[in-house]
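See below for the structure under consideration.
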Amino acid sequence: MKIFLKAFFIVTIIAFYQCKDEKKPVEKQTNKNKLEEKVVKAWDSLNSKNTEAFLTEFGKQNPETIVEITTDFGKIKLRLFEDVPIHRANFIFLTKIKYFNTTVFYRIAKNFVLQGGNSDEMYTQRERRKYGNYLLEPEFRNNRKHKYGALAAARQWDNNPNKLSSPFEFYIVQSKRGAHHLDNEHTVFGEVISGFDTMTKMSKVEVGVDEWPLDDVKMHIEIIE
């Protein structure tokens, strides 16, 4: 009988401690590889799929309208139009990321336009690829014409029925007669407010058969206000 009671006592003690262990707070094990990492989106996450949404919001937060182009021939100050919001915001965006500062005026078409925003620099091409070579919907306005000093967006003419603008390349009308055959063909999004003498000097540089200046006409663009 003593042996039976002793055995019963031992079994009870073991059962008690087992039950006690089960009530202990146990840290839950998780598979860390399955934890979802928080993705921080880059502020400049512009691409071909979110172009209008990104630039609309960017434009609200960056209302600047005055920029200045510095060249070896002098300065050209431009006013960007607020009634073409996507093109204005795009130009401000590219200025703020310093895209234009590695580009040149690659076409000097005398008595016509001064065209820039591209170059042979690897950095320039890398930046264009980074943002997916996106395009801009046209923003034609009846009051925005190709007058002398107009700032407009370049675009491809072939296979471009919707007249989508290049976001990277622009031109300034250098002809005093204007270039009104381009009205409603290219989006005009700004105008020169000073530096017409600089435009005249630039128009006299020596160019090749493709109208590319023999000596690069480099630019630096900054926001004034």
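Just a few scattered comments:
- Computed about the Cα centre, the dipole magnitude for the stretch 61-117 is approximately 160 debye when only Lys and Arg (+1) and Asp and Glu (-1) carry charge, each at its Cβ.
- Seen from LYS110, the other residues with C-beta closer than 14 Å to its C-beta sum to a net charge of +2, counting Lys and Arg as +1 and Asp and Glu as -1.
- Normalised alpha carbon radius of gyration of the stretch 83-129 [divisor 2.2 N^0.38 Å]: 1.29
- Peptide ranges 83-93, 106-116, 125-135 listed from the most packed, as the mean C-beta count within 10 angstrom indicates: 83-93, 106-116, 125-135
- Carbon and sulfur %, accessible surface of the stretch 91-214 computed with the full protein complex present, 1.4 Å: 48 percent
- Look at the dipole of the stretch 98-207 built from charges on Cβ: of HIS181, THR200, ASN142, the Cα furthest out on the positive end belongs to THR200.
- Å² per residue, accessible surface of the stretch 124-225 at 1.4 Å: 54 Å²
- When the pairs LYS130/LYS218; LYS60/LYS110; LYS49/LYS75; LYS98/LYS163; LYS77/LYS145 are compared against a 29 Å limit on Cα-Cα distance, LYS60/LYS110; LYS49/LYS75 fall above it.
- Here each label is just a point 7 Å from Cα along the line to Cβ, and for GLU222 and ALA53 those points are 3.6 nm apart.
- With 0.36 nm allotted per residue and the present C-alpha distance subtracted, the VAL209-ASN142 stretch has 20.7 nm of extension available.
- Put simply, when 118-124, 209-215 are sorted by average Cβ atoms within 10 angstrom per residue, most first, you get 118-124, 209-215.
- Environment charge of LYS75, counting only residues whose C-beta is closer than 12 Å and scoring Lys/Arg +1, Asp/Glu -1: -2
- Net charge over other residues, Cβ less than 13 angstrom from the Cβ of GLY132 (K, R count +1; D, E count -1): +3
- Spatially proximal aspartates and glutamates relative to LYS147 (Cα-Cα < 15 Å; intrachain offsets below 8 disregarded): ASP183, GLU185, GLU191
- Sorted from greatest to least, the principal axis extents spanned by the alpha carbons of the stretch 29-187 come out as 77, 35, 33 Å.
- Applying the criteria of a DSSP loop state and at most 12 other Cβ atoms within 10 Å to the trypsin sites (Lys or Arg not before Pro) of the stretch 177-211 yields ARG177, LYS204.
The values are calculated or read from the model by the stated rules, or taken from the named source; none is laboratory data. The shown structure was predicted, so the numbers you read here are calculated from the model rather than taken from an experiment. All Cβ positions, even for glycine, are placed from backbone atoms using ideal geometry, and neighbour counts span all protein chains on display. For accessibility, only protein heavy atoms count, side chains too; no ligands or nucleic acids. Shrake-Rupley method; radii C 1.70, N 1.55, O 1.52, S 1.80 Å.
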